[in-house]
Amino acid sequence: MRNRNFRLTMSLIINVIIIVLEIIGTAICAGGTGLEMFSFYTTDSNIFALTVCIVFAFFTARSLFSPKKPDIPKPIRTLKYISVCCLNVTFVVVVTIFAPVFGEGGYEYMLFNGDFLYFHFSCPLLSLISFVLFEGGTKYDAGLSFAATIPTLLYAFVAVILNLLNIMEGPYPFLYVYEQPLHLSFLWLILFIDIAFLSASLIQKLGSTFTAIAEKIKS
């Protein structure tokens, strides 16, 4: 019980911190780009994460403070996992592609400038820490990893279609379908889907590993 309460307490604290940081980041982003911010995967995934963290924090508090100590519902845990994966797709892509391509000062700009500090760096890392150390499941489920790629796949599909119809332009270089061969855009999208699945698998395995360690310590 003591180990359970510790994990729930730490999860609640970190989720509340994420909620505050996401609100700050969203306010900065909205002030800079307005409604255009919704065309970015980064913004969409962070707003999704904000919503999920609010719901997850509520059920965590209920599980921690309610006399009956009910478990957090599995669908809520699944949504939390998916949101963590989406945030970390952004982090991986920024660190491995966008920041290096930006050139000198790329990492400083892409990770610590304006809303990037919240959307690209602090919220993805805090969500990862919270899930891996305090919220992960007990076993790996490949189906969950596939499910975690669905939001990325959905964004990619919609963004490509809107670019083909000239309704939306970009906003990422690989989405400018009329300025490069179409197959190149699809190759980039396949790469990002692969990144989404591989990172989702790794996150889930890390979470299950740390949960197993915590269970052994408890016993």
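The values are calculated or read from the model by the stated rules, or taken from the named source; none is laboratory data. Computed from a prediction, not measured in an experiment: that's the story for all the values here. Positions of Cβ are backbone-derived with ideal geometry, glycine not excepted, and every protein chain shown enters the neighbour counts. Each accessible area value is taken on the protein alone, full model and side chains, heavy atoms only, with ligands, DNA and RNA left out. Shrake-Rupley method; radii C 1.70, N 1.55, O 1.52, S 1.80 Å.
Residues are listed down the side, and each one gets a yes or a no for (1) part of a helix (DSSP H, G or I); (2) of a type outside the set (Asp, Glu); (3) surrounded by 16 or more Cβ atoms within 10 Å (Cβ to Cβ); (4) touching a residue at least 24 places away in the same chain (Cβ under 8 Å):
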| residue | (1), (2), (3), (4) |
| --- | --- |
| Asn15 | yes, yes, yes, yes |
| Val20 | yes, yes, no, no |
| Gly25 | yes, yes, yes, yes |
| Thr43 | yes, yes, yes, yes |
| Cys53 | yes, yes, yes, yes |
| Phe58 | yes, yes, no, no |
| Ile72 | no, yes, yes, no |
| Lys80 | yes, yes, yes, yes |
Residue within the range 131-151 that is assigned to a loop (DSSP other than H, G, I, E, B), polar (S, T, N, Q) and over 21 Å from the mean Cα position of the chain (by Cα) present: no
Residues satisfying the stated conditions in the range 82-112, i.e. within 21 Å of Thr43 (Cα to Cα) and open to solvent by 70 Å² or more (accessible area, probe 1.4 Å): Thr96, Val101, Phe102, Tyr107, Glu108, Tyr109, Phe112
Unique residue being surrounded by 13 or more Cβ atoms within 10 Å (Cβ to Cβ) and out of contact with any strand residue (DSSP E or B) (no Cβ under 9 Å at 6 or more places or on another chain) when the list is Leu154, Leu162, Leu182: Leu162
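Would it be correct to say that Glu169 is at pLDDT below 90, open to solvent by 50 Å² or more (accessible area, probe 1.4 Å) and outside any helix (DSSP H, G or I)? Give the steps one after another, and end with the answer.
On the way: at pLDDT below 90: yes; open to solvent by 50 Å² or more (accessible area, probe 1.4 Å): yes; outside any helix (DSSP H, G or I): yes.
Yes: the conditions hold for Glu169.
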